[in-house]
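The values are calculated or read from the model by the stated rules, or taken from the named source; none is laboratory data. Remember, predicted model here, so these are calculated numbers, not experimental data. Cβ placement follows ideal geometry from the backbone for every residue including glycine, while neighbour counts extend to all protein chains displayed.
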Amino acid sequence: MKYLIVDDEKIIVEGMEDTLREIVGDSAAIYTASDPFEAIEQMKLHHVDMVFSDVDMPGMNGLKLAQSLSEINPDVDIVFCTGYAHYSLDAWKTTAKAFILKPVSKDDMKAAIDRLTANRSKGASSEASDKSGGKELEVICFGNFEIFHKGNPVHFARKKSKEMVAYLIDRKGAMVSTGELRSALWEEDEDNEEKKGYIRVLANDIRKSMEDIGISNFLRNDMDCYSVDIKSMSCDYLKFLEGDEKAKKSFSEEYMMQYPWAETTLGTLLDML
């Protein structure tokens, strides 16, 4: 998920950013804007999923901003944050999905996120089959890397397991040696026997995660090499490489942002524009 905080008071932005980070964790992308016009540019650049916006701002109020942001991304969830309760009625007449009174508390922010995320998951679940073209998995590589099954995130017991899946998808389903995997997943760390064994641990975790959702033979292993079954997934990155116009439009010049090794592929994608 990608988030945007909009407020003309710097101290409020910083406080809300800290609170949001406590709720969503370090892997989420959080952007900020000090005025509505900067917010519009941020939306164009990052195509964020959820916006926390002040209502009373100079130049353009939050109600008009909500309309502008929704025109760029019709699927965005907008949460208004203000110290004036009388704005709430007007807020509900716009595309806003929630309303929080200032000062914004962690409980109120989390409640809004939980409700909107639940609604988003329900919608995603009902549309998952259409979006994925009948594939069992939907993989998002543009922005942060995420993998979904029937609209719900696939859970891995270890962060490195998810990263290993991401790397194998980045390699487009080709067989990848354990040596290459260790080099990518641990970059500058010294290679050793412990890491060689840990790759097998990650592989078992990946298999278990997939088996838990009814998918078998997702991860393949042969002669100390691994690959994933790309035929089981609908993936924006792979569709982009195939020339799919919708995938090209969804590319906001961000690719698997959690992983430093993904910068090489990002450069390749940018050269293809």
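Taking the stretch 10-19 as the range and being closer than 20 Å to Ala66 by Cα and in contact (Cβ under 8 Å) with a residue 40 or more places away in the chain as the test, the residues that pass are Ile12, Met16. Elements of the type helices (runs of 4 or more DSSP H) sitting completely within the stretch 154-226 and holding at least 3 residues that are in contact with a helix residue (DSSP H, G or I) (Cβ under 7 Å, 6 or more places away or on another chain) and on the phi > 0 side of the Ramachandran plot: there are none.
Conditions (1) within 19 Å of Met1 (Cα to Cα); (2) part of a loop (DSSP other than H, G, I, E, B); (3) in contact with an Asp or Glu (Cβ under 9 Å, 6 or more places away or on another chain), marked per residue:
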site: Leu20; (1), (2), (3): yes, no, no
site: Met43; (1), (2), (3): yes, no, no
site: Val48; (1), (2), (3): yes, yes, no
site: Ser53; (1), (2), (3): yes, no, yes
site: Pro58; (1), (2), (3): no, yes, yes
site: Ala66; (1), (2), (3): yes, no, no
site: Ser70; (1), (2), (3): yes, no, no
site: Val79; (1), (2), (3): yes, no, no
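Scan the stretch 39-67 for residues that are loosely packed, with under 15 Cβ neighbours inside 10 Å and out of contact with any Pro (no Cβ under 7 Å at 6 or more places or on another chain) and the total you get is 7. Mind checking whether some residue in the stretch 150-171 is within 30 Å of His47 (Cβ to Cβ), surrounded by 15 or more Cβ atoms within 10 Å (Cβ to Cβ) and at pLDDT below 90? Yes. If Lys195 satisfies every condition in (1) surrounded by 12 or more Cβ atoms within 10 Å (Cβ to Cβ); (2) modelled with pLDDT of 90 or more; (3) not aromatic (Phe, Trp, Tyr) but one, which is the exception? Only one criterion in (1) surrounded by 12 or more Cβ atoms within 10 Å (Cβ to Cβ); (2) modelled with pLDDT of 90 or more; (3) not aromatic (Phe, Trp, Tyr) is unmet by Lys195, namely (2). Screening the stretch 245-273 for residues that are of a type in the set (A, V, I, L, M, F, W, C) and within 12 Å of Ala184 (Cβ to Cβ) and picking the one that is nearest to the chain's Cα centre (by Cα) gives Met256.
Quick check on the stretch 223-233. Is at least one of its residues surrounded by 13 or more Cβ atoms within 10 Å (Cβ to Cβ) and free of Cβ contacts under 8 Å to residues at least 24 places away in the same chain? No, the stretch 223-233 contains no residue that is surrounded by 13 or more Cβ atoms within 10 Å (Cβ to Cβ) and free of Cβ contacts under 8 Å to residues at least 24 places away in the same chain.
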